[in-house]
1. Excluding residues fewer than 8 places away in the same chain, name every one of the aspartates and glutamates whose C-alpha is closer than 18 Å to that of residue 456.
2. Here are some pairs, 402/453; 379/446; 94/465; 348/446; 110/210; which of them have Cα atoms lying more than 30 Å apart in this structure?
3. As a test of the formula, what do you get for the chain when each DSSP H run with n ≥ 4 contributes -39,500 (n - 2.57) and the sum is divided by the residue count, at 222 nm and rounded to the nearest 500 deg cm²/dmol?
4. What ranking do 166-178, 206-218 get when scored by the average of other Cβ atoms within 10 Å per residue, highest first?
5. Give me the accessible area per residue for the chain, probe 1.4 Å, as a whole number in Å².
6. Full-extension gain between residue 196 and residue 89, please, as 0.36 nm times their residue separation minus the C-alpha to C-alpha distance.
7. Report, in debye and to the nearest 20, how large the dipole of the chain comes out about its Cα centre when Lys and Arg carry +1 and Asp and Glu carry -1 on their Cβ.
8. Where in the stretch 349-369 does the label zone of residue 276 land, with the point 7 angstrom along Cα→C-beta and an amide N cut-off under 11 Å?
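The values are calculated or read from the model by the stated rules, or taken from the named source; none is laboratory data. Keep in mind it's a predicted model, so treat the numbers as computed, not measured. Please note: Cβ atoms are built from the backbone with ideal geometry, for glycine as well, and neighbour counts cover all protein chains shown. Heads up: the accessible areas ignore ligands, DNA and RNA and are worked out on the full protein's heavy atoms, side chains in. Shrake-Rupley method; radii C 1.70, N 1.55, O 1.52, S 1.80 Å.
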Amino acid sequence: MGPNNNPTTICHVVAMPYPGRGHINPMMNFCKLLSSKSDEILITFVVTEEWLGFLSSEPKPPANIRFATIPNVIPSEIGRAGDLSGFFRAIMTKMEEPFERLLDRLELPKPSVMIYDTYMTWPVGVGNRRDIPVASFWTQQVSVFSVYYHFDLLKFNGHFPIDVSERGNELVNYIPGIPPTRIADLPTVFYGDALKLVHIPCEAVSRVPKAQYLLLTSIYELESQTIDAIKSAIPTPIYSIGPSIPYFRLGDNSSLSTDSQNGESSYVQWLDSQPKSSVLYISQGSFLSVSRTQMDEIIAGVDMSGVRFLWVTRGDASRIKGGCGGKDNRKSIQEAGKLYLVFDLSNKGMLVPWCDQLKVLCHPSVGGFWTHCGWNSTKEGVFAGIPFLTYPIFWDQVPNSKAIVEDWKIGRKVRRGMGEEEHLVTREEIAGIVQRFMDLESDEGKEMRGRAKELKEVCRRAISKGGSAETAIDAFIQDISRRRDR
Ligand SMILES: O=c1ccn([C@@H]2O[C@H](COP(=O)(O)OP(=O)(O)O[C@H]3O[C@H](CO)[C@@H](O)[C@H](O)[C@H]3O)[C@@H](O)[C@H]2O)c(=O)[nH]1
């Protein structure tokens with residue numbers, strides 16, 4: 001199925017993601033779903049030159065998705081966590097102009113719609129000036145959107161600004177569609193160190209009514225009350241497009257590459273040799289880190305627990321290897337054009353710099369997911385039907401952890417939360433939590449695993465033919481095509 005180059009029939013979608021892994025991935029997944037629906041859809045996916053380099057090691061998208069780049073006008077992805085405020089400022093002030101020049105250069109047909117990440121806001125103005133409809137693409141939990149959208153209610157009820165260490169347990173019970181929530185379980189921008197960033201999400205969602213469409217990367221059945229409340233509050237057409245994770249390529253081995261000798265799938269081979277549901281998969285996300293002292297406790301605690309693990313280390317491989325002892329059976333592998341090391345620690349654990357996360361989570365040997373609770377990781381774990389150990393670091397990860405543990409009851413917290421409960425989690429505590437969590441025989445564990453399987457089914461139904469996500473995606477395509485034909 002190739003792109004149809006007849007300008008009169010093509011629906012040309014321009015996608016402008018926020019330049020971060022947790023944002024680019026869901027937008028690309030959505031574009032792949034769109035492109036699979038019709039060869040009349042042509043997608044131009046815009047990234048910085050740096051991001052084009054990162055994406056070049058991934059499986060090539062289908063022919064009707066093409067990349068276009070703007071220069072590296074923002075700080076590098078490497079080290080961006082060091083100055084999030086500066087990074088965001090650059091996105092808001094430096095990207096619009098090269099994006100417009102890119103639009104001027106694009107060959108016909110004129111875009112039928114621009115899909116932009118809600119956090120960026122300026123594409124709304126670009127679309128309005130050029131008479132191109134825009135679709136705002138929200139990459140986080142819808143409840144989180146709703147809290148930002150109703151920021152004024154927090155102020156009105158005396159819950160902003162607030163000292164979370166004193167009043168973190170007070171309940172917010174007035175946000176439409178959201179169950180009563182402790183202040184300390186709100187996104188971290190409402191208190192503490194991240195307070196200076198609160199204007200970013202609140203301004204971003206306040207602009208959404210100016211867009212022609214709102215796309216929610218959530219499963220309707222998981223957040224139905226909140227989604228219905230948002231639909232009542234905002235007149236813009238809203239589509240719950242499902243998890244936007246790469247479920248459509250499971251079973252396709254291309255993503256793991258074929259070169260197992262060079263190690264790209266050596267972690268899958270290692271998983272193949274482990275007992276069913278015995279491995280804890282540990283990943284703290286794509287760019288944030290925990291403190292050094294806490295990391296040392298986590299490493300020692302996981303080691304003391306005796307539980308098998310597959311650990312995405314990013315930069316921490318040598319420290320984790322030192323902390324986890326074990327015979328170092330080291331293999332060098334080639335990944336993304338760089339040389340990495342994979343450590344197989346006496347068959348008890350494996351450290352990898354990066355992996356195909358969804359494939360790992362769905363592997364039968366994996367029995368639990370230690371996560372920082374990024375929204376994509378959360379949805380991938382739900383899709384895989386496994387329980388979570390939550391270790392949120394900041395922003396929406398805290399309410400995601402709350403949803404996992406309290407609302408869906410498919411996980412346990414390692415890190416209790418913000419405010420007065422914040423403390424170093426010791427190695428002994430971690431060892432105990434990990435052992436209990438991975439005990440397949442406990443009644444508590446069985447209940448949690450049973451519920452995780454139920455949610456997996458909810459998720460699978462939503463993305464199957466006639467399910468809520470599939471129906472919403474079809475409706476979006478129809479709506480953008482109708483508008484184009486007018
Ligand atoms: O070894 C790995 C580790 C991660 N991933 C992928 O990387 C993405 C990570 O996304 P996410 O879990 O959302 O984490 P972050 O990259 O930290 O996401 C940022 O963006 C998210 C969406 O806005 C927010 O929910 C998070 O708080 C924010 O940190 C997911 O698709 C993972 O499958 C891999 O493929 N391999």
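1. 221, 223, 380, 406, 407, 447, 470
2. On the way: 402/453 19 Å; 379/446 21 Å; 94/465 42 Å; 348/446 24 Å; 110/210 21 Å.
Over 30 Å apart, Cα to Cα: 94/465.
3. Numbers: 19 runs with 190 residues, N = 486.
Roughly -11500 deg cm²/dmol at 222 nm, from the helical runs in the chain.
4. Numbers: 166-178: 16.1, 206-218: 20.8.
Ranked from most to least packed, the peptides come out as 206-218, 166-178.
5. Numbers: 19550 Å² over 486 residues.
Accessible area per residue: 40 Å².
6. Numbers: separation 107, 0.36 × 107 = 38.52 nm, distance 1.27 nm.
That works out to 37.3 nm of additional length.
7. On the way: 54 positive and 56 negative charges, 137 e Å.
About 660 debye.
8. 364-365
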